[in-house]
1. Within 30 Å of Glu83 (Cα to Cα) and either of a type in the set (A, V, I, L, M, F, W, C) or open to solvent by less than 30 Å² (accessible area, probe 1.4 Å) (or both): is that true of Phe38 in this structure?
2. Would the stretch 155-178 turn up any residue that is in contact with a Phe, Trp or Tyr (Cβ under 8 Å, 6 or more places away or on another chain) and charged (D, E, K, R)?
3. Restricting to the stretch 255-291, name every residue that is closer than 30 Å to Arg237 by Cβ and of a type in the set (Val, Ile, Thr).
4. Checking Tyr67 against (1) under 24 Å from Arg221 (Cβ atoms); (2) of a type in the set (Ser, Thr, Tyr); (3) surrounded by fewer than 23 Cβ atoms within 10 Å (Cβ to Cβ), which single condition isn't satisfied?
5. Could you identify the single residue in Tyr128, Tyr101, Tyr167 that is within 17 Å of Ile72 (Cα to Cα) and aromatic (Phe, Trp, Tyr)?
6. Among the residues of the stretch 97-112, which ones are open to solvent by 50 Å² or more (accessible area, probe 1.4 Å) and of a type outside the set (Phe, Trp, Tyr)?
7. If I ask for residues that are surrounded by 15 or more Cβ atoms within 10 Å (Cβ to Cβ) and among the aliphatic types (A, V, I, L, M), which ones from the stretch 261-273 would you list?
Amino acid sequence: MEPSDLQLNRISTLFEMACFNEVIVLGSYIRSHHRDKFYSVTTEIAELATPEGTLTEYILESYERSYLSLLIAMSYLNLNDEEAAMVELRRSMVDEQAHLYNHGNDPVITALHATLWTRFDPQVARPYWKRLSEDKRVSAAIVKFAQQRLSEIDSGPTSPNRAWKVYGTGTLPGLIWKADFLKREKGPYKISVSSGFPKACATANSLLIPTSSWTDKIARRYEADYHPILYTKSLLRIPFGVTYGVLGVSAGVAVGVSGCALASYIRSGDLCSASLQGGGHIIMASGDLVEYTLGPDLRHWRKVPSAFYIVDESAVGTEQCLSRREKENMVLRSLSR
């Protein structure tokens, strides 16, 4: 079986290809096998001498778990099975609230829940719009959009019949990291993105919400108050990484010195030069080995949107976050009918 993060990327590809039955089967398997953390003392101890994640199974981030359930729900919806879609939506709701190994609410997931439930039952969607309107992590434009949805639901029968459609655009940026073992203000690593996200935007009939909160969640993995065992392991791994580096440097020096000694004995200048070059390469590679050993576990679902575009396409002639030209230049992947 291929690594779970590659399986997740395959889910995205299958959904884009409209292979909805395959999304349901593979997605359900990944969710059931990578939902909970099972500790093994021997494995956790053995992994102190190797990079994080080489011996332990990948556990879905809370937003990955919820988004996977949402894709399964939308797959059922695209197969015209609304009852099964609502079952998966409810499961996604329960999973988001569960206090599992990876836990926590996410504003993007909240917006998607609210949008999809508006299709079935606006009263179920209302708590999600309210939560989004009170979320301190989102922009004022998104807060205003959520407040407008609340007003529409509270107006009852006079509220407009919204035909919301959800699109995913772009791909999650790559991650970069640097060690912060001395200060450790928010864990031993500073994890950030290699490029930016689309700017949040909201109008009366459309919303563009970036998934920057997802990479923020990954950056929290090594915080002491979130995953204390990961935090502790990252610090205990430092002596192993330094030892590997010292051994690498020592091996490089030994190759260079012994090679030149032999070259002096047989009077071969080329052998000494080659030995020094070889020893230098070993010393340089030892630095890469240290970085590899001490690096954080950055496995994640890479092929997910960098933003979601939620739009009422029935509202013709109204202002929208994306103009027609912008839509043509962006790859919009429809996530619901």
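1. Numbers: within 30 Å of Glu83 (Cα to Cα): no; either of a type in the set (A, V, I, L, M, F, W, C) or open to solvent by less than 30 Å² (accessible area, probe 1.4 Å) (or both): yes.
So Phe38 fails the test.
2. Taking every residue of the stretch 155-178 in turn, at least one turns out to be in contact with a Phe, Trp or Tyr (Cβ under 8 Å, 6 or more places away or on another chain) and charged (D, E, K, R).
3. Just the residues of the stretch 255-291 that are closer than 30 Å to Arg237 by Cβ, to begin with: 255-256, 278-291.
Answer for the stretch 255-291, where residues must be closer than 30 Å to Arg237 by Cβ and of a type in the set (Val, Ile, Thr): Val255, Ile282, Ile283, Val290.
4. (3)
5. Numbers: Tyr128 fails: within 17 Å of Ile72 (Cα to Cα); Tyr101 fails: within 17 Å of Ile72 (Cα to Cα).
After applying the criteria, what remains is Tyr167.
6. Let us first name the residues in the stretch 97-112 that are open to solvent by 50 Å² or more (accessible area, probe 1.4 Å), namely 97, 99, 101, 105.
Gln97, His99, Asn105 - these are the residues of the stretch 97-112 that are open to solvent by 50 Å² or more (accessible area, probe 1.4 Å) and of a type outside the set (Phe, Trp, Tyr).
7. Scanning the stretch 261-273 gives Ala263, Leu271.
The values are calculated or read from the model by the stated rules, or taken from the named source; none is laboratory data. What you see is a predicted model, and the numbers here were worked out from it, not measured in a lab. Cβ sites come from the backbone with ideal geometry, for glycine too, and all protein chains shown count toward neighbours. Heavy atoms of the whole protein, side chains included, go into the accessibility calculation; ligands, DNA and RNA do not. Shrake-Rupley method; radii C 1.70, N 1.55, O 1.52, S 1.80 Å.
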